[in-house]
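Where a number appears in this text, it was derived from the coordinates with a stated rule and is not lab data. Not measured: the values here are computed from a predicted model. We place every Cβ from the backbone using ideal geometry, glycine too, and count neighbours over all the protein chains shown.
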Amino acid sequence: MGRGNHPLLSPPDNPPPTGIDVIVTESTYGNRIHETPRHSFAEIINSAIKRGGSILIPAFAVDRTEVILMALHDLIETEAIPNIPIYVDSPMALKALDYYRDAIRTNAPELLAGIAKQWESSDPFDPGNLSEMRTVDESKSLNNLEYSSIIISASGMATGGRVVHHLANMLPDPKNTVILVGFQAAGSRGRSLEEGKKEVKMHGKWIPVNAKIVKVESFSVHADGDEMVAWLRKTKDPKQVFVVHGEPDAQAALVERLHSELGWKTVAPKRMQVFEVL
């Protein structure tokens with residue numbers, strides 16, 4: 001389920017007010033409330049810069065990278081963080097970035113009203129210091145930077161992609177910071193970092209984790225518990241609700257809220273469990 005506060009895209013359409021037999025809803029963040037990101041995001045970046053380090057942001061190539069770039073644009077424009085170089089190093093993310101720019105240029109119907117006009121003479125993703133690393137050689141050149149910078153690279157869970165090379169290069173240095181801005185699945189390198197592991201394996205070698213690891217969940221485009229309940233509240237009396245796509249504790253929390261707050265018959269199905277829908 002999408003969120004209602006995306007900086008570019010229109011909020012989710014409302015569900016039909018009545019007449020729904022079955023609802024199947026995700027629950028990725030069913031047990032959490034997203035914080036407001038701006039202040040804490042700036043503090044994390046400024047702290048790394050003061051240490052003389054750089055910031056690495058593993059980000060999903062589609063949408064998450066664009067949302068992060070818009071947040072950085074805002075922080076730099078308002079002087080909440082210094083105007084340091086920003087690098088996007090992901091072929092897929094750069095292709096997605098081209099599509100987003102084209103959507104703004106053509107005023108695509110999925111965009112928020114007024115977005116195309118707001119950005120008709122400037123780039124919402126580039127505060128003036130953005131470099132797009134489109135070749136392998138350009139990507140490798142980031143290993144030798146001697147100044148503080150922000151690198152955004154995929155994949156968002158560090159399971160593959162160019163971000164793995166940047167992690168291997170940056171994790172051993174305690175001056176650096178890695179900001180996790182999305183859900184980290186069990187078994188992924190991102191989850192290992194989130195859980196505080198002291199070493200992670202990359203390219204057949206164990207890399208020491210000396211860099212600061214910070215999780216910022218507020219950039220997720222998955223709705224949080226309050227947002228899901230608020231959206232679902234707009235419809236009445238479904239016969240059955242199935243809560244899926246979430247860790248067990250997140251599923252259980254949303255099941256409880258929908259039962260206690262809305263009075264709905266709600267269940268989190270188990271694998272291969274069969275239900276009859278009347």
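Looking for something closer than 30 Å to VAL67 by Cα, touching a residue at least 40 places away in the same chain (Cβ under 8 Å) and either among the aliphatic types (A, V, I, L, M) or touching a Gly at 6+ places or on another chain (Cβ under 8 Å) (or both) - is there at least one such residue anywhere in the range 260-278?
Going through the range 260-278, the residues closer than 30 Å to VAL67 by Cα turn out to be none.
No, there is no match, as no residue in the range 260-278 is closer than 30 Å to VAL67 by Cα, touching a residue at least 40 places away in the same chain (Cβ under 8 Å) and either among the aliphatic types (A, V, I, L, M) or touching a Gly at 6+ places or on another chain (Cβ under 8 Å) (or both).
Taken over the range 150-163, residues that are touching a helix residue (DSSP H, G or I) at 6+ places or on another chain (Cβ under 8 Å) and surrounded by fewer than 20 Cβ atoms within 10 Å (Cβ to Cβ) amount to 1.
State which residue is surrounded by the most Cβ atoms within 10 Å (Cβ to Cβ) when the search covers only the range 69-108 and only residues that are assigned to a loop (DSSP other than H, G, I, E, B) and touching a residue at least 24 places away in the same chain (Cβ under 8 Å). The qualifying residue surrounded by the most Cβ atoms within 10 Å (Cβ to Cβ) is SER90. Consider ALA168 carefully, then state whether it is in contact with a strand residue (DSSP E or B) (Cβ under 6 Å, 6 or more places away or on another chain) and part of a loop (DSSP other than H, G, I, E, B). When the stated conditions are applied, ALA168 does not pass them. Among the residues making up the range 195-229, those that are under 21 Å from ALA252 (Cβ atoms), assigned to a loop (DSSP other than H, G, I, E, B) and in contact (Cβ under 8 Å) with a residue 60 or more places away in the chain are SER220, HIS222, ALA223. Is there a residue in the range 174-191 that is over 30 Å from GLY246 (Cβ atoms) and surrounded by fewer than 15 Cβ atoms within 10 Å (Cβ to Cβ)? Yes, the conditions are met somewhere in the range 174-191.
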